[in-house]
Amino acid sequence: MSGLELERVEKWARADLDRKNAVREQALRWSRELVRTCANSIRAVHRHEFSSAEHLLREAHALNGQICSALADHADLYWTGYVQDAQKELVEACCTYALVNQGLLPNPEEMGIAPAAFLNGLGEAVGEMRRYVLDLLRRGEADGCERLLAAMDDIYGLLVTLDYPDALTGGLRRTTDNTRGILEKTRGDLTLALRQEALVAALQAVERSVGGEPTPE
């Protein structure tokens, strides 16, 4: 058995796998931290704490840079689910911040994020826009809702044209279907709210008109 030189094979395998496992564990920790940071950024946007949201996004971009750098020589680890899911969350957070603040969407090439993660993150941001619109409506602030609805519609219009196998897009078809449902529900909620607002305004106008008429003698 000694002629097989299994000791050399073991030493070689252990060294390579120990190194790769260390990189994997570090990337996994960073990915989890990236997901938490992005979630906190989105939460800050909904609270209108935009300075905090922007600060958290900078931290998230730094974490993504660390992940990409650490996995530069480990493509098999880079394309694992946890890395792509974390990057999808980053895109969602960036798009949520940009859409609410009427900014430009992030550049996927500058972010170093593949189309599947980027497009799915963009679709997920539509759900956050629905939440933001509903919060505005609850506060009676309809201004800006139609702009956000138009942005949601534009995003859906893009996603629905990208009909590729799920193996390439990371389940984009399902994300697109969800986006369509969210869009239609939001459109219905906004239409109803605007009609109610118009009705209230009309009733108030009638009350003012009646109240302003001279009392007959």
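Observations
- Of the numbered criteria (1) buried (at least 21 other Cβ atoms within 10 Å of the Cβ); (2) in a helix (DSSP H, G or I), the one Val35 fails is (1).
- Screening Leu168, Leu159 for residues that are of a type in the set (A, V, I, L, M, F, W, C), crowded, with 18+ Cβ neighbours inside 10 Å and over 21 Å from Arg195 (Cα atoms) leaves exactly one candidate, Leu159.
- Condition check for Ser52: in the same structural domain as Tyr78 (by TED's automatic domain parsing) and touching an Asp or Glu at 6+ places or on another chain (Cβ under 9 Å): no
- Among the residues making up segment 152-177, those that are assigned to a loop (DSSP other than H, G, I, E, B) and either outside the structural domain of Leu119 (by TED's automatic domain parsing) or touching a residue at least 40 places away in the same chain (Cβ under 8 Å) (or both) are Leu162, Gly170, Gly171.
- Of all residues in segment 56-73, exactly one satisfies the criterion of being at pLDDT 95 or above and of a type in the set (Asp, Glu), namely Glu59.
- When segment 108-123 is filtered for residues that are under 11 Å from Val91 (Cβ atoms) and out of contact with any Lys or Arg (no Cβ under 7 Å at 6 or more places or on another chain), the ones remaining, listed by number, are Pro108, Met111, Ile113, Ala114, Pro115, Ala116, Phe118, Leu119, Leu122, Gly123.
The values are calculated or read from the model by the stated rules, or taken from the named source; none is laboratory data. Quantities reported herein were computed from a predicted structural model and do not represent experimental measurements. So basically every Cβ, Gly included, is an ideal-geometry build from the backbone, and we count neighbours across all protein chains shown.
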